[in-house]
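What follows is one structure encoded as C-alpha cells, with my remarks underneath.
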Amino acid sequence: MVTKKFTREDIFKLLSFIPDPEIPVVSIKEMGMLRDVILSDEGCEVIITPTYTGCPAMGMIEDDIKRTLSENGVPSVKVKLVYAPAWTTDWMSLEAKDKMRKYGIAPPMSSACTKLTAYGKHEFIKCPHCNSTNTELISMFGSTACKALYKCEHCKEPFEYFKCH
Amino acid sequence: MNKQKAIFNYALRLGDNSLVLGHRLAELCSKGPILEEDLALTNMALDHIGRAQAFLGYAAQVEGKNKTADDLAYKRAERSFYNNLIMELPDKDFAATIARQLLVSSFEYFLYTELMKSKDETIAAISAKAVKEVRYHLAHSSDWTCRLGEGTAVSHEKMQNALNDLWMFTGELFEMNDADAILIKEGIAIDLNSIKQQWLEHVNGVILEATLTLPSSDFMQTGSRKGIHTEYLGHILSEMQYLQRAYPTAQW
C-alpha cells in the first residue's frame, strides 16, 4: 500500500499548512479543528470538528484537506466530522492567539468567562491595536459565528473579538 | 414502537425544531431593525440550521433507508414534521421575534444541558455543542427583553403583547409521546417535566427584570407531536422545499 510511505506525523505536517478560510493567518491545526489522523490499510481518515455547528467553512476545509493530501500523493483520503468533544477556544495555541491579535482580531479569553448571564460587557477585552482595555461591545454577533464587534475608546478603532466558546 | 424507531422520531423532532426556527430567523436577513440585529438573527439562524443538519443527519442514519439530512428536510410534507408550533409562527414584529427567542432559548438551554448526559453518544455530542451556542442566544434574548420591557411605553406594550400571544404555545414544548417514554427508560431522552420548573423560573426572572408580567392564561395549543400544524408551516415548506421539489436531483 502506498499509504505505508506516510506516517501519522507526516500527514499532520502536511495538514498543518491549511489555513482557516475565515482567518487565513492561523491554520486549522492551530485553531484546534484538526482532531486526529487515522492510517489504516483502507487509507487515511482525517477527523475534524466544527467551531460552531453551522460553520459554513467546513465544506471548504474538507475540500482543502482532500486536495492537499492528494497533491502530496496520499491516496484514499476520507474526512470525518465529529461533534465530541465539543470544540472550545481553549484548544487554540498561544501562537495562534498572537497571530490573530497581529491580524487585528482580539483573541478569545479563557472559556471560563462564558456564564449563562454574562456576556460582552462584563469582559475586559484588550484592543488588538493599542492594547487598551478601555473597550466597549458594539454587537454580540459579528461577520462570522465566532466573532463579536467591539470598539476601543482609547484609539477609537473598531475591532473584532473572537468569542470565547 | 421499538428503540430504533423511537430514536428516529426523537432526533427528527429535535432536528425539525432547529430547522423550522432556523428558517424563520433566516427570513429576517436584511429585515433586522438595526444592522447589529440583522447580524444577530442571521448568526442564530446559522446555529439552528447547523444543529438541524446534525440531528437530521443522525435521524437519517438511524432510519437506515440510505437517506441524508437533506432528504429529510426537503422531501417530507408538513404532516410528517414534528417541530413545536411556536417555531413556525410568523414574526409579526421585533417584539414577537424576541419573545419567541426568549421562551425557546430558555427551553433549549435546559433541554440540551440535560441531554448532554444522554446515553446516546450522538445526541449527547450534538447537545454539548448546542448548549454553548444556546447560552449565547439566551443572553441575547434576555438582554433585548429587558431593553424593550424597560424602554418606551410603546416597546413595553409590544413586548407584553408578544409574550401574551405566544404563551399558549409554550405548553407544547413539554409534551411527550411514546418515543419519549421508551427513551427515558433507556436514559437517552429526558423527562421534560423535570426541566419545566427551571424553565419557568428563568423566564419569569427575565420577565420581572424587564418590568413585564408573566402571562397567566392556562389554555395551551397542541398538535405537533401528531404532525398537526398551524397554516404557517405549509408556507414555510413551499418556499424551503421549492428547489428540491421542482428539480429533484439538483446539486450545486
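Odds and ends about this structure:
- Residues that are within 14 Å of chain A (Cβ to nearest Cβ) and over 14 Å from the mean Cα position of the chain (by Cα) occur at least once in the stretch B:17-28.
- Residue that is most open to solvent (accessible area, probe 1.4 Å) [pool: residues in the stretch B:30-54 that are more than 25 Å from B:Arg79 (Cα to Cα) and of a type in the set (Gly, Ala, Ser)]: B:Ser30
- Annotation note: of A:Asp41, A:Asp64, the sole residue that is at pLDDT 95 or above and away from chain B (no Cβ under 14 Å) is A:Asp64.
- Matching option when the condition is buried (at least 23 other Cβ atoms within 10 Å of the Cβ) and either touching a Leu at 6+ places or on another chain (Cβ under 8 Å) or more than 28 Å from B:Ser30 (Cα to Cα) (or both), among B:Thr145, B:Thr113: B:Thr145
- Test: residue in the stretch A:86-103 that is in contact (Cβ under 8 Å) with a residue 12 or more places away in the chain, within 14 Å of chain B (Cβ to nearest Cβ) and open to solvent by less than 10 Å² (accessible area, probe 1.4 Å): yes
- Tabulated pairs, the stretch A:34-49, first open to solvent by less than 60 Å² (accessible area, probe 1.4 Å), second part of a strand (DSSP E or B) and among the acidic types (Asp, Glu), C-beta under 6 angstrom, 6+ apart or interchain: A:Ile47/A:Asp36
- With respect to being open to solvent by 10 Å² or more (accessible area, probe 1.4 Å), touching a residue at least 60 places away in the same chain (Cβ under 8 Å) and acidic (Asp, Glu), B:Glu27 fits the description.
- Flag if A:Val46 is within 28 Å of B:Glu133 (Cα to Cα), touching an Asp or Glu at 6+ places or on another chain (Cβ under 6 Å) and not hydroxyl-bearing (Ser, Thr, Tyr): no
- Residue among A:Ile23, A:Ile11, A:Ile28 that alone is of a type outside the set (Ser, Thr, Tyr), touching a residue at least 60 places away in the same chain (Cβ under 8 Å) and in contact with a strand residue (DSSP E or B) (Cβ under 6 Å, 6 or more places away or on another chain): A:Ile11
- Number of the condition not met by B:Gly57 [criteria: (1) open to solvent by 10 Å² or more (accessible area, probe 1.4 Å); (2) of a type in the set (Gly, Ala, Ser); (3) over 21 Å from B:Ala95 (Cα atoms); (4) away from chain A (no Cβ under 13 Å)]: (4)
- Against the test of being among the acidic types (Asp, Glu), closer than 21 Å to B:Ala95 by Cβ and within 13 Å of chain A (Cβ to nearest Cβ), the options B:Asp143, B:Asp165 yield a single qualifying residue, B:Asp143.
- B:Leu72 vs. criteria surrounded by 20 or more Cβ atoms within 10 Å (Cβ to Cβ) and within 16 Å of the chain's Cα centre (by Cα): no
The values are calculated or read from the model by the stated rules, or taken from the named source; none is laboratory data. Note that this is a predicted model, so its numbers are computed, not measured. So basically every Cβ, Gly included, is an ideal-geometry build from the backbone, and we count neighbours across all protein chains shown. To get the accessible areas, we keep the full protein, side chains included, count just its heavy atoms, and leave off ligands, DNA and RNA. Shrake-Rupley method; radii C 1.70, N 1.55, O 1.52, S 1.80 Å.
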